[in-house]
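Encoded as structure tokens, the structure appears first; notes follow it.
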Amino acid sequence: MRTKDAVIERVRLDAPMYMTGLSFADSGLPAAFESLGKLWERFHNGPSLPDAVSPVVEIGVSVFKNDYLVGSQTAALGQGPDLTSFTVPAGDYIKGSFSAGSFEELVDGKLQTIWEDMARWAKDNGITISSAFSVEVYPQDTVKQERPEMYCLCPIRGTDL
């Protein structure tokens, strides 16, 4: 495993997870890696979401070959002006939890390697990951710790998603 101290496991979401935020496809930003940071910046500078869960959980969703969404977990599915929503369905997922020495290390270095580790773990365990979407979860109470933590979710193909 390339991601030091990561925990990879199969988990079940018993209830859907809702998020509301911004869509990269609707942002007008150029197709470049740096634009993802600009999209997060726009989200952080926008109005607060009235239905956001507490403590705040920020979510990034890669809708494969289609879009990247940034936002916060909300109590219910809903959209406001210029916002988009996404439902992470209940079902089975591969979960990769990890930490780093800083937030920058968490999202710049370890975020890429956890996806590779999760794919390898799934293959080694005879599990096929769905290519529909993947989720980055940033619980703000753990991201703001001295050693920030987050986790990622990949849906498992053939489950009831």
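Filtering the range 124-161 to residues that are among the charged types (D, E, K, R), at pLDDT below 90 and more than 23 Å from Ser54 (Cβ to Cβ) leaves Arg157, Asp160. Here Phe24 passes the criteria (1) open to solvent by less than 20 Å² (accessible area, probe 1.4 Å); (2) within 15 Å of the chain's Cα centre (by Cα); (3) over 16 Å from Gln140 (Cβ atoms) except the one numbered (1). Restricting attention to the range 33-71, the residues that are in contact with a helix residue (DSSP H, G or I) (Cβ under 8 Å, 6 or more places away or on another chain), without any contact (Cβ under 8 Å) to a residue 60 or more places away in the chain and either of a type outside the set (Phe, Trp, Tyr) or loosely packed, with under 15 Cβ neighbours inside 10 Å (or both) add up to 2.
Scanning the range 114-133 for residues that are of a type in the set (A, V, I, L, M, F, W, C), assigned to a loop (DSSP other than H, G, I, E, B) and over 14 Å from the mean Cα position of the chain (by Cα) turns up just one, Ile127.
For Tyr93, are the conditions met, namely being part of a strand (DSSP E or B), under 16 Å from Ser134 (Cβ atoms) and either touching a His at 6+ places or on another chain (Cβ under 9 Å) or open to solvent by less than 70 Å² (accessible area, probe 1.4 Å) (or both)? Yes. The single condition from (1) surrounded by fewer than 17 Cβ atoms within 10 Å (Cβ to Cβ); (2) in a strand (DSSP E or B); (3) over 13 Å from the mean Cα position of the chain (by Cα) that Thr87 fails is (3). Of the residues examined, Ala15 is one that is under 28 Å from Ile156 (Cβ atoms), touching a residue at least 12 places away in the same chain (Cβ under 8 Å), loosely packed, with under 13 Cβ neighbours inside 10 Å and not hydroxyl-bearing (Ser, Thr, Tyr).
What residue, of Leu153, Leu77, Leu111, is among the aliphatic types (A, V, I, L, M), closer than 21 Å to Leu22 by Cβ, in contact (Cβ under 8 Å) with a residue 40 or more places away in the chain and part of a helix (DSSP H, G or I)?
Values: Leu153 fails: part of a helix (DSSP H, G or I); Leu77 fails: part of a helix (DSSP H, G or I).
Every option except Leu111 fails the conditions.
Within the range 100-107, does at least one residue satisfy the condition of being crowded, with 20+ Cβ neighbours inside 10 Å and more than 27 Å from Pro47 (Cα to Cα)? Outline the logic, then answer.
Taking the range 100-107 and keeping what is crowded, with 20+ Cβ neighbours inside 10 Å, we get 100, 106-107.
From the residues that got through so far, the ones that are more than 27 Å from Pro47 (Cα to Cα) too are 100.
Yes, the conditions are met somewhere in the range 100-107.
The values are calculated or read from the model by the stated rules, or taken from the named source; none is laboratory data. Since we're looking at a predicted model, the values are computed, not measured. Ideal geometry is used to build each Cβ from the backbone, glycine not excepted, and the neighbour counts take in all protein chains shown. Note: areas computed on protein heavy atoms with side chains; ligands, DNA, RNA excluded. Shrake-Rupley method; radii C 1.70, N 1.55, O 1.52, S 1.80 Å.
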